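A.B. asks: I have a structure I would like to understand better, so I am pasting it below and will then ask my questions one at a time.
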Amino acid sequence: MTNDAPPRWDRKMQQRLASGEAAALGELYDRFASLVHGLAHRVLGDEAGADRVTREVFGYVWEHPDAYDPKQGPLRSWIATVTHRQAVSRLRQSESDRESAPEEIEEKVRAASAAARADYIVTSMPAPLRAALDLAYFRRLDYRRAAADLGVTEDEARRRLRLGLQLLSTAHPGPRAVTPPDGGSGRGGR
């Protein structure tokens, strides 16, 4: 199997949904409802809105199973993307109904999007990295204690923390790149 080949479960699930198999939708819901609801809640900050987005996302998946292209990545990622788009759309609509300034709306969308990406990254990362981050940042253990709790060497604990943080850092876009006055040739004075 090549790296480009989608997982068998994803392909099979898409085929089952396309054939109208209601049990497939139930299985998909059982597997991804907490992801969808969590992402929607993170963007909207509202339980009722997250419930509504969850229903809308699974309704969309049921009605448009062919919108998922297995060659573009895992089904989980596609569902997260659909969720994010739907939640951001709902956030923009609710903020414009409140007559918020466009800049204020976009700032809320950016902050909510970064938070949702961070949640998705953490829930998607390999369990050993997630466990190391949990011990270090949520339980406030240093890497030595985290290593002991995980049953790994201190070097391995540091590696897991570093990799976890590197993954998590991709959730928050950094400052926009500025082209140096020399046109980006890299020959500035250092």
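The values are calculated or read from the model by the stated rules, or taken from the named source; none is laboratory data. Fair warning: this is a prediction, and the values are worked out from it, not measured in the lab. FYI the Cβ positions are ideal-geometry reconstructions off the backbone, even for glycines, and counts take in every protein chain you see. Keep in mind that these areas ignore ligands, DNA and RNA; they rest on the heavy atoms of the full protein, side chains included. Shrake-Rupley method; radii C 1.70, N 1.55, O 1.52, S 1.80 Å.
A.B. asks: Can you name every residue in segment 87-109 that is open to solvent by 60 Å² or more (accessible area, probe 1.4 Å) and touching a residue at least 40 places away in the same chain (Cβ under 8 Å)?
C.D. replies: The one that is open to solvent by 60 Å² or more (accessible area, probe 1.4 Å) and touching a residue at least 40 places away in the same chain (Cβ under 8 Å): Arg90.
A.B. asks: Quick test for you: out of Ala48, Ala40, Ala18, pick the one residue that is surrounded by fewer than 16 Cβ atoms within 10 Å (Cβ to Cβ), in the same structural domain as Ile79 (by the TED database), in contact with an Asp or Glu (Cβ under 9 Å, 6 or more places away or on another chain) and not β-branched (Val, Ile, Thr).
C.D. replies: Criteria check complete, one pass: Ala18.
A.B. asks: Among the residues in segment 60-82, are any open to solvent by 40 Å² or more (accessible area, probe 1.4 Å), farther than 26 Å from Val122 by Cα and among the aromatic types (Phe, Trp, Tyr)?
C.D. replies: Within segment 60-82, one or more residues are open to solvent by 40 Å² or more (accessible area, probe 1.4 Å), farther than 26 Å from Val122 by Cα and among the aromatic types (Phe, Trp, Tyr).
A.B. asks: Being open to solvent by less than 70 Å² (accessible area, probe 1.4 Å) and assigned to a helix (DSSP H, G or I) is the requirement here; does Leu161 meet it?
C.D. replies: Here the answer is yes, as Leu161 does meet what is asked.
A.B. asks: Being open to solvent by 30 Å² or more (accessible area, probe 1.4 Å) and under 18 Å from the mean Cα position of the chain (by Cα) is the requirement here; does Thr54 meet it?
C.D. replies: no
A.B. asks: Could I ask something else about it? Where in segment 1-113 are there helices (runs of 4 or more DSSP H), lying wholly inside it, with at least 2 residues that are small (Gly, Ala, Ser) and more than 24 Å from Ala171 (Cβ to Cβ)?
C.D. replies: 22-44, 47-63
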